[in-house]
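Before any comments, here is the structure.
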Amino acid sequence: DEKYDFSAIQDRWLGIWDKLAPFNTADVPADAPRKYVLDMFPYPSGDLHMGHAEAFALGDVLARYWRGQGFSVLHPIGWDSFGLPAENAAIKRGIDPREWTYQNIEQQKTSFRRYATSFDWSREIHTSDPEYYRWNQWLFLEMFNKGLAYRKDSPVNWCPNDQTVLANEQVVDGRCERCGALVTKKKLNQWYFKITDYADRLVDDLSLLEEGWQSKVLSMQRNWVGRSNGADVTFEIEGRAEPITVYTTRPDTLFGATFMVVAADADLAAELVAEADAETRMKFQDYLEEVKKANDIERQATDREKTGLFSGRYAINPVNGEKLPIWISDYVLADYGHGAIMAVPAHDQRDLDFAKAFDLPVRIVVETEPVDGADAVVDPAESGIALPGAGKMINSGKFDGLTKAESIPAIIADLEERGLGHASKNYRLRDWLISRQRYWGTPIPIIHCGDCGEVPVPASELPVRLPESEGLDLQAKGASPLGAAEDWVNVPCPTCGKPAKRDSDTMDTFVDSSWYFLRFLSANSDEVAFDVNEAKKWAPVDHYVGGVEHAILHLLYARFITKVLHDLGYVDFVEPFTALLNQGMVLMDGSKMSKSKGNLVEFAGELDAYGADALRVTMAFASPPEDDIDWADVSPAGAAKFLARAWRISKDVTTPSGSIADDGDRALRRETHRFLADAPALIESYKFNVVVARLMELTNVTRRAIDSGPGAGDPAVREAAEVLATALNIFAPFAAEDMWSNLGFPAPVALVRWKDADPSLLVADSVTAVFQVNGKVRDRVDVAPDISAADLEAIALASDGVKRAIGEGQIVKVIVREPKLVNIAIKA
Ligand code: ANZ
Ligand code: ZN
């Protein structure tokens, strides 16, 4: 007997698929049913790893499934090939980042091919190709012209190790996301995208994604934008013409303000102490130095010891005219709200901690119920615990007795009347810093002219190509390496012709990935970034598959740029990804795999050992896709065994193709059609592991039918084998293709439409009806459960056992309880 040989099967079908190119989607008519299935494209930083193996297996399941349902499926692939990892690796090895990058792309391509991912290779993109990044430059200029790209001087997160600016999102617990170095602050003139203009829409449009995205990811997006509602309140300052404005979410606590706090690094702080005594000024300078060492997260930590100093100045509370000392501290952030707060220690924990540290007064202004059976509310000044303050207002003059919900609008109206405040919103979200002082990225298409300022590179001169890296110091300290490319950087001003300089920064690679899903639609066009009609046809993406580590950054930027493109009239939708599948991680012995831990499972090694099919089945079968997979607990060898069993069935079938399944064994047919009926909903709700289990079951019952049932020649066996092949194609494309060929059909099985479930086969097949004559059982017959009373009576009367029992007797009455009983009363 021929044995299941996965590696021979792989070799055979790879060659045939290369010739057929079955997954190219060039000429799909606009009215064909379509799906766009996309995996987050990989960084080419080495070969594919087990994380890729999982994500791309799951994405491919969806792509192949929809093809099997008769859809045209766009399933493209590309590489996110600019960026720091590639550049650092290249520096380490002393070779050109370009060379290193494209070598890795080749390696990953080879692995993808072996993994049988069903991509449309004709649409392959690399973000580091000028054919791609020229459209980053186009996008930048579109945004520049709309006022959505601008430069400003600002303190930026600086990685002293990578010598580059980092976006807030790239700082994790105060450290560089890439290399782990402690991040410091530095002032630089930088390019920004004005994502804050879209803050409300980035929150509000999340409601469009409630069906397709995990609620966890939705709330991460919401929190990142961090919208809050409150009021701006103006406080006069003694001896200063300019008042201070503060942002508060609790204007109802205004009467409880007992001091003010200004962020130590806000300009206002320096200004306030400028006229203080020499000692205060000295103390302030020392303090400021200390503050600069901490990042925003540390500064706001509730368990951080409160530090600060008195500025020597006072503010006036607008509601009661009280004098409030103005303090300076780091727990207030310079770039949130107005960089200053009114402190309400009774009802805000950080303010209370500060008040206790510096012996400042505490005044309760919102009634609170005693908790846990206590007799009375404990004074926060004593307990050290701020009161939540959701009750009625007290100690608040004419507002006493109002609830929180009543008082907030009442106080805001009162302030507004007196010109001292108004309702306001605030966001945690900051504009997107896109400048990078690195080589391996998209050059910013701006020319700086002494006379004309920032001049866009004319569209006809795009792309601004990245100069060769040779001769450039890729590790130039604190400045972009491109600045030293004399021939490249010195150009005439496009407007006035005078000597001018190119901008030497490159773009954050999150710009590249913010719109790449649209580039696939016109991957080979040198006329447009993407064709508007193709976008209408294919986009938004129906299934986007990728790691939850991108739940904030990449998705937020892609959502933002999609809205920008919508407003510019290029796309007719506002959200790029209708449904999002965030796969879990592949772990080893309960922990993350890594070289340093010595628990790294290499994708290539597993591929050699078990083959693509067994790996893919393992990935799908291990757990629901959102859960982590522990590679120590799964069995690719078991998956291979299952595939061998399924494949063997296709070899054993003896009926010719085209034999009529209707004549086949009903029990087996029922199993087959139950699978066909259940699988779509299971796959569409990402229960891939259940579908694999069902295929294993179907394989087993088919084997039993061959060995100890109606036998290999029953048409129902052929039907089951055909369904196994078409369905297995989504998990195990090589084995499925070979099975399909064994069953006598031409390749590729991947484009064969799944058989529809026959509803008549889905009901319980039969029940046993009992026929009695004068209360004595005379016969038993299997009948359809939905048999009619008349049919059942007719069958009963025709039964030999019943006929014998009646003999010459006279029927007086027939009682039919379909489908289970017929009782016939006779007179002898
Ligand atoms: C008085 C008050 C009383 C406050 C109270 C809270 C509770 P979110 O929801 O995050 O927007 N705040 C304002 N600007 C700040 C800054 N630059 N740095 C640190 N804290 C700042 O938080 C808004 C609240 O955070 C504001 O409301 C303010 O404290 C504080 F019982 O004002 B609140
Ligand atoms: Zn000029």
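The values are calculated or read from the model by the stated rules, or taken from the named source; none is laboratory data. All values reported here derive from a predicted model rather than from experimental measurement. Because the Cβ atoms are built from the backbone with ideal geometry, glycine has one as well, and the counts that use them run over all protein chains shown. Please note that ligands, DNA and RNA were not included when accessible areas were found on the heavy atoms of the full protein model with its side chains. Shrake-Rupley method; radii C 1.70, N 1.55, O 1.52, S 1.80 Å.
Considering only residues that are more than 16 Å from ligand 2 (Cβ to nearest atom) and free of Cβ contacts under 8 Å to residues at least 60 places away in the same chain, which ones fall in the range 430-467? Spell out the reasoning first.
The first filter runs over the range 430-467 and keeps only residues more than 16 Å from ligand 2 (Cβ to nearest atom), leaving 430-444, 459-460, 462-467.
Of everything in the range 430-467, those that are more than 16 Å from ligand 2 (Cβ to nearest atom) and free of Cβ contacts under 8 Å to residues at least 60 places away in the same chain turn out to be Ser460, Pro467.
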Going by the structure shown, is Phe573 under 25 Å from Ser122 (Cβ atoms) and part of a helix (DSSP H, G or I)?
-> no
Is the range 763-776 home to any residue that is free of Cβ contacts under 8 Å to residues at least 24 places away in the same chain and surrounded by fewer than 14 Cβ atoms within 10 Å (Cβ to Cβ)?
-> yes
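In the range 684-692, is there at least one residue being among the acidic types (Asp, Glu) and either without any contact (Cβ under 8 Å) to a residue 40 or more places away in the chain or surrounded by fewer than 23 Cβ atoms within 10 Å (Cβ to Cβ) (or both)?
yes
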Quick one: which residue in Val319, Val291, Val332 is over 30 Å from Asp431 (Cβ atoms), away from ligand 2 (no atom under 16 Å from the Cβ) and surrounded by 15 or more Cβ atoms within 10 Å (Cβ to Cβ)?
-> Val319
Name the single residue, out of those in the range 356-386 being over 46 Å from the mean Cα position of the chain (by Cα) and modelled with pLDDT of 95 or more, that is nearest to ligand 2 (Cβ to nearest atom).
-> Leu360
Which one of these does Gly308 not meet: (1) on the phi < 0 side of the Ramachandran plot; (2) at pLDDT 95 or above; (3) not hydrophobic (A, V, I, L, M, F, W, C)?
-> (1)
Mind checking whether some residue in the range 538-550 is more than 16 Å from ligand 2 (Cβ to nearest atom) and over 21 Å from the mean Cα position of the chain (by Cα)?
-> no
Number of positions in the range 454-488 that are open to solvent by less than 30 Å² (accessible area, probe 1.4 Å) and over 20 Å from Pro130 (Cα atoms) = 3
Quick one: would you say Tyr427 is aromatic (Phe, Trp, Tyr) and closer than 30 Å to Lys498 by Cβ?
-> no
Considering the range 515-559, residues that are closer than 17 Å to Leu208 by Cα and of a type in the set (D, E, K, R), and then whichever is most open to solvent (accessible area, probe 1.4 Å), we arrive at Asp542
Taking the range 336-354 on its own, how many of its residues are charged (D, E, K, R) and assigned to a strand (DSSP E or B)?
-> 0
Would you point out which residue out of Gly78, Gly147 is in contact with a helix residue (DSSP H, G or I) (Cβ under 8 Å, 6 or more places away or on another chain) and among the small types (Gly, Ala, Ser)?
-> Gly78
Of the residues in the range 594-623, how many are within 21 Å of Tyr115 (Cα to Cα) and open to solvent by 30 Å² or more (accessible area, probe 1.4 Å)?
-> 10
All-but-one check, Gly389 against (1) modelled with pLDDT of 90 or more; (2) open to solvent by less than 60 Å² (accessible area, probe 1.4 Å); (3) at positive phi, failing number (1)
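So, of the residues in the range 392-408 that are under 38 Å from the mean Cα position of the chain (by Cα) and surrounded by 15 or more Cβ atoms within 10 Å (Cβ to Cβ), which turns out to be farthest from ligand 2 (Cβ to nearest atom)? If you could, list the steps in order and put the result at the bottom.
Kept after step one, since they are under 38 Å from the mean Cα position of the chain (by Cα), are these residues of the range 392-408: 404-405, 408.
Going one step further and asking which of them are surrounded by 15 or more Cβ atoms within 10 Å (Cβ to Cβ), we end up with 404, 408.
On the way: Lys404: 58, Ile408: 53 Å.
Taking the candidates together, the pick is Lys404.
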Quick one: in the range 213-232, of everything that is open to solvent by less than 30 Å² (accessible area, probe 1.4 Å) and in a helix (DSSP H, G or I), which residue is nearest to Asn426 (Cα to Cα)?
-> Val225
Quick one: in the range 422-453, which of the residues that are surrounded by fewer than 23 Cβ atoms within 10 Å (Cβ to Cβ) and in a loop (DSSP other than H, G, I, E, B) is nearest to ligand 1 (Cβ to nearest atom)?
-> Arg428
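Is it the case that some residue within the range 191-212 is assigned to a loop (DSSP other than H, G, I, E, B), within 18 Å of Ser424 (Cβ to Cβ) and not small (Gly, Ala, Ser)? Don't jump to the end; show me each part of the working.
Quick first cut of the range 191-212, residues assigned to a loop (DSSP other than H, G, I, E, B) only: 194, 210-212.
Right, trim to within 18 Å of Ser424 (Cβ to Cβ) and you get none.
Within the range 191-212 (the criterion being assigned to a loop (DSSP other than H, G, I, E, B), within 18 Å of Ser424 (Cβ to Cβ) and not small (Gly, Ala, Ser)), the answer is no, since none of the residues qualifies.
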Inside the range 79-94, can you point out the residues that are outside any helix (DSSP H, G or I) and under 13 Å from Gln475 (Cα atoms)?
-> Gly94
Would you check if there is a residue in the range 266-276 being within 11 Å of ligand 1 (Cβ to nearest atom) and either surrounded by 23 or more Cβ atoms within 10 Å (Cβ to Cβ) or not in a helix (DSSP H, G or I) (or both)?
-> yes
Any chance the range 578-590 includes a residue that's of a type in the set (S, T, N, Q), in contact (Cβ under 8 Å) with a residue 12 or more places away in the chain and under 25 Å from Ile444 (Cβ atoms)?
-> no
If you take the residues in the range 560-593 that are of a type in the set (Asp, Glu) and at pLDDT 95 or above, which one is least open to solvent (accessible area, probe 1.4 Å)?
-> Glu575
Conditions (1) modelled with pLDDT of 95 or more; (2) surrounded by fewer than 17 Cβ atoms within 10 Å (Cβ to Cβ); (3) among the polar types (S, T, N, Q); number of the one not met by Thr672 = (2)
Return a yes/no flag: does the range 109-121 have any residue that is open to solvent by 20 Å² or more (accessible area, probe 1.4 Å) and among the aliphatic types (A, V, I, L, M).
-> no
